[in-house]
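Take a look at the structure below.
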Amino acid sequence: MSSEQHEHKPADAGANANSDGASDHEDLYDRYAQRASELFHAGQDKSREAMEKALDAARQQLSAASEFSAEQGENFKQYMRRDLAQTERDMRALSQESKEHLHPARLGAGAVSSLARMLDTAGSAMQSWSRQAEDTLHFGTGDITTAGTLTCVACGQTLQLKRTSRVPPCPSCRGTQFRKGY
């Protein structure tokens, strides 16, 4: 490879794409957002002012480390404010929607209806699993199975297999279908 392919791009070359298709600018913003989040969560105060302080501290730290320019840092801070404001609006809308949908008057009937649907679905699934499990316990003469007890479906005679074996016919009635117990 040529030396140009290994060349380090300066931090302010934000429009350049890296090997996975994301731009350097986007990677820098992600680092800024991660650092701001770490600083905010490290503190005891969870107020809006604490978030502003975390945004400023992250911008200053990464700018001082030459991760990006002061101008980019300020842009990132504005982007983060925008994103947080949108998240706040979304959370308020969700909260209002939840209050409406989770109103106690609606919950009684809704909860019983939801519970009935859930139990019906769970019951159907369990019946299906039970049938599948039961099917795996049936063996015929000539099948190979591990050690265990085989019970003849026709007469109820039991066979004790001490090791993995081929299933023989029933010694009592010559039946060929068995249910296995372990």
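We did not get these values from a lab; they are worked out from the coordinates using the rules stated. Values in this document were obtained by computation on a predicted structure and should not be read as measured data. Positions of Cβ are generated from backbone atoms using ideal geometry, with glycine treated the same way; all protein chains shown enter the neighbour counts.
Miscellaneous remarks
- Hypothetical label at CYS173: residues of segment 142-156 whose amide nitrogen lies under 18 Å (7 Å Cα-Cβ projection): 142, 150-156
- Packing-based exposure ordering (other Cβ within 10 Å, fewest first) of GLU49, GLU26: GLU49, GLU26
- Segment 137-181: relative contact order as a whole-number percent, Cα under 8 Å and 6+ apart: 51
- With a Förster radius of 41 Å applied to the beta-carbon distance between GLN127 and LYS162, the computed FRET efficiency rounds to 0.75.
- At an R0 of 30 angstrom, the distance between the Cβ atoms of GLN96 and MET118 translates into a FRET efficiency of 0.70.
- For segment 54-174, a crude dipole built from +1 on the beta carbon of Lys and Arg and -1 on the beta carbon of Asp and Glu, taken about the Cα centre, is about 640 debye to the nearest 20.
- Counted residue by residue at 0.36 nm each, then reduced by the alpha carbon distance between them, the extension gain from TYR182 to ALA42 reaches 44.9 nm.
- Dipole check for segment 24-101: with +1 at the C-beta of Lys and Arg, -1 at the C-beta of Asp and Glu, and the Cα centre as origin, the magnitude is about 300 Debye.
- Classification of segment 24-101 by its C-alpha gyration tensor yields a prolate form. The axis ratio a/c (a ≥ b ≥ c) is 1.5 or more, and a/b outweighs b/c.
- Along principal axes, Cα extents of segment 111-182, largest first, whole Å: 56, 23, 16
- Exposure proxy order (Cβ contacts within 10 Å, fewest to most) of VAL167, VAL153: VAL153, VAL167
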